[in-house]
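The next block holds one structure in the form of structure tokens; read it before the comments.
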């Protein structure tokens with residue numbers, strides 16, 4: 001069974017938490033004690049309906065302000081799939097959380113308030129999900145009950161959004177429009193009687209129908225080595241395994257491989273998952289690999305197929321999302337964490353800021369502030385082995401770590 | 001073939017990746033072991049992560065002194081079988097040293113007292129990473145917890161300045177004195193854990209299965225009356241019932257559920273049909289809606 005991670009994006013009051021609560025309620029994923037708590041709190045607040053947003057808004061600060069301020073994870077499953085929803089906030093100042101949520105998701109739901117239509121925030125939500133190359137985007141046009149389930153209004157919004165789609169960088173992204181009312185439940189899990197003009201799937205039907213090919217891009221296998229396993233016991237005296245997770249494709253016993261950075265060639269001898277041997281390691285599986293030859297491989301190195309080398313460079317240009325209150329400036333030094341590999345990096349050049357709402361670029365840049373997105377060139381103290389982000393979501397991405405605070409201060413997508 | 005045939009596999013792959021990152025990024029990690037199903041699952045995942053080598057870090061149990069005897073027996077046997085070092089630190093010692101004060105009355109529990117003992121042990125052994133079995137589906141405040149969660153010298157969690165976690169990348173860089181709580185099974189649900197135990201045929205303590213127990217009912221929940229650990233009013237009637245436990249926390253705050261599930265298969269199907277969430281059987285969360293978040297800020301696991 002698949003696990004599908006979904007990011008959600010919407011502005012304040014677009015009804016995102018209500019939508020998630022509705023999905024949980026209609027898929028009978030709310031347990032009786034949770035439902036009871038929601039009923040109790042809704043009554044205390046004097047509502048004549050169930051406030052499903054209470055199912056997801058977890059932190060005390062949030063309940064006080066009535067907004068979502070961080071990424072929350074919500075779990076539910078159907079007979080077909082397990083779902084993890086990253087509930088990300090819609091505030092302008094929280095771009096970083098949206099980038100974070102989208103980075104681990106294969107699908108995204110962008111909410112639009114049918115009364116307000118496509119607003120500047122919508123551009124941002126779409127921009128980020130497109131930048132992060134989230135494969136499947138659902139545009140849920142919500143609060144249809146408040147516009148009398150008007151087909152005309154739905155089509156207007158759809159036309160506005162379609163205009164936006166022409167500007168996107170990642171054109172292959174699959175986009176689906178669905179008219180919903182999260183509060184009343186129309187077209188969320190169950191079909192609506194109020195939208196006879198809409199013949200498409202409900203939100204859940206769409207998610208249920210997503211196949212592996214709709215979720216993952218096919219790519220080149222990359223094996224970043226997490227650690228070397230040397231048990232040195234009597235039974236496994238000479239065992240030398242390389243532990244890691246396979247990204248982008250499959251690796252099989254007998255594959256001719258190259259270890260980077262040494263560029264030494266060998267062949268895959270065995271693939272273990274725990275104590276069982278396998279012929280093939282599927283993508284995203286955590287395995288231990290042994291090689292035919294005794295070659296020098298350590299943590300941070302990468303094993304790839306011999307005829308599929310990535311770029312091996314001491315410099316790269318990337319689009320970065322800056323997430324810290326301290327500014328990023330040219331000449332600044334940071335740690336680049338690329339997968340499990342960490343190298344020291346210097347900001348060589350900030351080319352330009354990219355307005356995350358498709359309103360163009362800003363070439364006059366001194367430094368980057370929180371939530372800025374920009375094209376930046378870095379120089380490294382030793383080479384890393386990367387692919388362009390458009391070809392490899394894992395091997396084309398990195399995070400930036402502040403050397404003084406150790407905090408994660410940015411994320412980047414290599415061009 | 002190692003294909004993703006069930007949804008457990010992606011979660012297992014992720015957890016093994018995280019455990020390997022903990023071992024590689026930190027100097028002195030420890031696995032917090034309670035003898036409960038979540039930490040037993042963690043131990044199995046750690047075994048898998050490093051096979052054929054041994055688990056490269058010790059297990060540590062913060063013993064409230066109110067644990068089920070079945071759990072303690074199980075804990076000692078498992079550590080012995082694995083050949084892994086087991087560290088035990090006792091809440092009773094913190095009480096005797098006057099560091100914490102025992103609660104009294106109807107809802108007295110040693111659960112929150114564990115925090116002091118845990119923080120002292122982290123300092124004693126200079127652990128820089130504690131692996132725990134917390135899951136985001138357990139409780140709303142947990143839903144926002146990171147996989148690597150940085151704690152300061154006082155073990156405190158600042159939910160407003162958590163590090164963003166992107167893609168698979170885990171940033172374990174810390175300053176001296178800080179430590180990180182690591183949660184490899186963050187993305188698992190209760191049912192995932194049970195299904196995994198079933199699939200892997202992992203042994204778990206007997207109290208997870210239906211058994212006859214002297215119990216009494218309070219506030220609609222069933223409490224053990226086998227010993228004096230749970231405070232009981234004289235008018236609360238003791239009766240023998242067929243029950244099992246869904247979590248094996250401190251006896252004073254872990255309620256039983258009526259059940260005839262005597263095998264793992266029956267437990268899994270019972271969980272699948274069940275309509276009360278797991279933490280619904282823990283009184284310490286019910287004290288107030290913000291209970292868990294407050295305890296976490298103070299350093300509770």
When B:63, A:48 are ranked with the fewest other C-beta atoms within 10 Å first, the list becomes A:48, B:63
Between residue B:152 and residue B:77, the FRET efficiency computed from the C-beta separation at R0 = 30 Å comes out, to the nearest 0.05, as 0.25
Of region B:75-93, those with amide N under 15 Å from the point 7 Å along the Cα→Cβ vector of residue B:124 are B:86-93
The computed P(r) of region A:311-414 puts the percent of Cα pairs beyond 21 Å at 27 percent
Relative contact order of region A:316-415 (C-alpha contacts under 8 Å, at least 6 apart) in percent is 37 percent
Rounded to the nearest 5, the percent of DSSP beta bridges in chain B running antiparallel is 60 percent
Under the rule rounded for a/c under 1.5, else prolate if a/b exceeds b/c, else oblate, using alpha carbon gyration tensor axes a ≥ b ≥ c, region A:2-215 is classed as rounded
The relative contact order of region B:1-129, taking Cα pairs under 8 Å that sit 6 or more residues apart, comes to a percentage of 26 percent
Rounded to the nearest 5, the percent of antiparallel DSSP beta bridges in chain A equals 75 percent
Placing each pseudo-label 7 Å from Cα in the direction of the beta carbon, residue B:226 and residue A:330 end up separated by a distance in nanometres of 7.1 nm
Nearest 10, in degrees from 0 to 90: the angle of helix A:32-44 to the longest Cα principal axis of chain A is 50 degrees
Helix A:16-26: inclination vs chain A longest Cα principal axis, degrees, rounded to 10, gives 90 degrees
Exposure-ranked with fewest Cβ neighbours within 10 Å first, A:268, B:95 stand as B:95, A:268
Gyration tensor on Cα atoms of chain B, a ≥ b ≥ c root eigenvalues, a/c under 1.5 rounded, else prolate if a/b beats b/c, else oblate, says oblate
Taking Cα pairs closer than 8 Å and at least 6 residues apart, the relative contact order of chain A in percent is 12 percent
Quick note on A:375, A:349, A:382, ordering by fewest other C-beta atoms within 10 Å, gives A:382, A:349, A:375
Taking every DSSP bridge whose two residues both lie in the protein assembly as shown, the antiparallel percent to the nearest 5 is 70 percent
Only helices counted: for chain B, with every DSSP H run of 4 or more residues adding -39500 (n - 2.57) and the sum spread over all residues, [θ] at 222 nm is -9500 deg cm²/dmol
Rounded to the nearest 10 degrees, the helix A:151-165 long axis (Cα) sits at an angle to the longest Cα principal axis of chain A of 30 degrees
So for the protein assembly as shown, using the alpha carbon gyration tensor with a ≥ b ≥ c as root eigenvalues (a/c under 1.5 gives rounded; past that, a/b versus b/c decides prolate or oblate), I'd call it oblate
Calculated from DSSP helices alone, with each H run of at least 4 adding -39500 (n - 2.57) and the total divided by the residues of chain A, [θ]222 nm to the nearest 500 comes to -5500 deg cm²/dmol
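Throughout, read-outs are computed from the coordinates displayed, never taken from laboratory work. Everything numeric in this text was worked out from a predicted model, so none of it was measured. Note that we place each Cβ from the backbone using ideal geometry, even for glycine, and neighbour counts take in every protein chain shown.
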